[in-house]
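The structure under discussion appears below in the form of C-alpha cells.
The values are calculated or read from the model by the stated rules, or taken from the named source; none is laboratory data. Treat the numbers as computed from the prediction; the structure is a model and nothing was measured. As a convention, Cβ positions derive from the backbone with ideal geometry for all residues, glycine included, and neighbour counts pool all protein chains shown. Accessible surface is based on the protein model in full, side chains and every heavy atom, while ligands, DNA and RNA are left aside. Shrake-Rupley method; radii C 1.70, N 1.55, O 1.52, S 1.80 Å.
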Amino acid sequence: MAGSTPTEPWPEGAFEGREAFEARVRSLLRAAADQGVRRIDWVSQAPLDWPLEDEALLQAVADWIRPAGRLWCWVAPELEPLRHRRPRLTRWRATWDHRLRCLSPEAPGLLDGPDLLLLRGVAVLSLQDPQRWRGRVSRSRSDLQQAAHQVDAILQRCTESFPVTTLGI
C-alpha cells in the first residue's frame, strides 16, 4: 500500500499549517492497516476542510476497512454538504456504508472541542486551532484514553445522519 512502508516516519508531535495537517491525516489513515487499527473516529466541526477526496487515500482506507470488524465513525454538525462538494468521498462512503456510522450531534455546542481523528488504541490527531491549522498527533496512552472518552461522550448524544441515498417525494 502506498505511503505505509515501514521506513515512513510516524507523524507525532505538534504541527502548524494546512499542509502539515493534511500530511498527518494522510499518513495516519494510510498507516491504519499496518498498525492493526480496528476503529477510527473522525469528529469535526468542518468536514469539508479535511483532505479526504484523494483517490489514492480513499483506496488505502478501503484496504484498511475491508477486513471484518472494522468501523469508521464520522461525526459532524452537518455531513450533507459532502454529498455535493466531495463526490468521490460520497461514492466511497456509499460503497462502505456497512462499515461506516455517520452521525450529527443532537445539541449545539457538543463539538466545541478540537477536531479529532482517533485511531483507537494507536494514535490521535487533535486539531486545536483550525484557523491556523495547529494541532498535534499523540500516541501516549493518556491522550488516547482522554480522546476515546471524549468521543464516546459525544457519540452518546448523536443521531444518524448523511444517509447513502436521499428520498425524494
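Of the residues that sit in the stretch 37-51 and are open to solvent by 50 Å² or more (accessible area, probe 1.4 Å) and not basic (Lys, Arg), which one is nearest to GLU19 (Cα to Cα)? Working first, answer last.
Narrowing the stretch 37-51 to residues open to solvent by 50 Å² or more (accessible area, probe 1.4 Å): 38-39, 45, 49.
Still in the list and also not basic (Lys, Arg): 45, 49.
Details: GLN45: 19, ASP49: 12 Å.
Among those that are open to solvent by 50 Å² or more (accessible area, probe 1.4 Å) and not basic (Lys, Arg), it is ASP49.
For the structure I just gave you, tell me whether ASP112 is over 13 Å from the mean Cα position of the chain (by Cα) and surrounded by fewer than 15 Cβ atoms within 10 Å (Cβ to Cβ). So that I can check it myself, show each step before the final result.
On the way: over 13 Å from the mean Cα position of the chain (by Cα): yes; surrounded by fewer than 15 Cβ atoms within 10 Å (Cβ to Cβ): yes.
Yes, satisfied.
Being of a type in the set (Asp, Glu) and open to solvent by 40 Å² or more (accessible area, probe 1.4 Å): is that true of ASP54 here? Break it down stepwise before answering.
Numbers: of a type in the set (Asp, Glu): yes; open to solvent by 40 Å² or more (accessible area, probe 1.4 Å): yes.
So ASP54 fits the description; yes.
Which is touching a residue at least 12 places away in the same chain (Cβ under 8 Å) and part of a helix (DSSP H, G or I), of PHE15, PHE21? Don't jump to the end; show me each part of the working.
Numbers: PHE15 fails: part of a helix (DSSP H, G or I).
Answer to the selection: PHE21.
Can you name the number of the only condition in (1) modelled with pLDDT under 95; (2) within 27 Å of GLN145 (Cβ to Cβ) that TRP72 fails?
(1)
State all residues of the stretch 125-137 that are under 18 Å from LEU48 (Cα atoms) and open to solvent by 70 Å² or more (accessible area, probe 1.4 Å); if no residue qualifies, say none. If you could, list the steps in order and put the result at the bottom.
Pass one, the stretch 125-137, residues under 18 Å from LEU48 (Cα atoms): 125-135.
Within the stretch 125-137, GLN128, GLN131, ARG132, ARG134 qualify.
Is the stretch 27-34 home to any residue that is under 17 Å from VAL137 (Cβ atoms) and among the acidic types (Asp, Glu)? First the steps, then the outcome.
Narrowing the stretch 27-34 to residues under 17 Å from VAL137 (Cβ atoms): 27-32, 34.
Retained after the next criterion (residues that are among the acidic types (Asp, Glu)): 34.
Yes, the stretch 27-34 contains at least one residue that is under 17 Å from VAL137 (Cβ atoms) and among the acidic types (Asp, Glu).
Here are some residues: ARG83, ARG99, ARG91. Which one is modelled with pLDDT of 95 or more and either in contact with a helix residue (DSSP H, G or I) (Cβ under 6 Å, 6 or more places away or on another chain) or surrounded by fewer than 18 Cβ atoms within 10 Å (Cβ to Cβ) (or both)?
Going through ARG83, ARG99, ARG91 in turn, the sole match is ARG99.
Rundown of residues vs (1) in contact (Cβ under 8 Å) with a residue 40 or more places away in the chain; (2) hydrophobic (A, V, I, L, M, F, W, C); (3) out of contact with any strand residue (DSSP E or B) (no Cβ under 8 Å at 6 or more places or on another chain); (4) open to solvent by less than 40 Å² (accessible area, probe 1.4 Å), yes/no style:
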{"position": "PRO77", "(1), (2), (3), (4)": "no, no, no, no"}
{"position": "SER104", "(1), (2), (3), (4)": "yes, no, no, yes"}
{"position": "ARG120", "(1), (2), (3), (4)": "yes, no, no, no"}
{"position": "ALA123", "(1), (2), (3), (4)": "yes, yes, no, yes"}
{"position": "ASP143", "(1), (2), (3), (4)": "no, no, no, yes"}
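Going by the structure shown, is GLN156 surrounded by fewer than 10 Cβ atoms within 10 Å (Cβ to Cβ), without any contact (Cβ under 8 Å) to a residue 60 or more places away in the chain and more than 15 Å from ILE40 (Cβ to Cβ)? Break it down into steps so the answer makes sense when it comes.
On the way: surrounded by fewer than 10 Cβ atoms within 10 Å (Cβ to Cβ): yes; without any contact (Cβ under 8 Å) to a residue 60 or more places away in the chain: yes; more than 15 Å from ILE40 (Cβ to Cβ): yes.
In short, yes.
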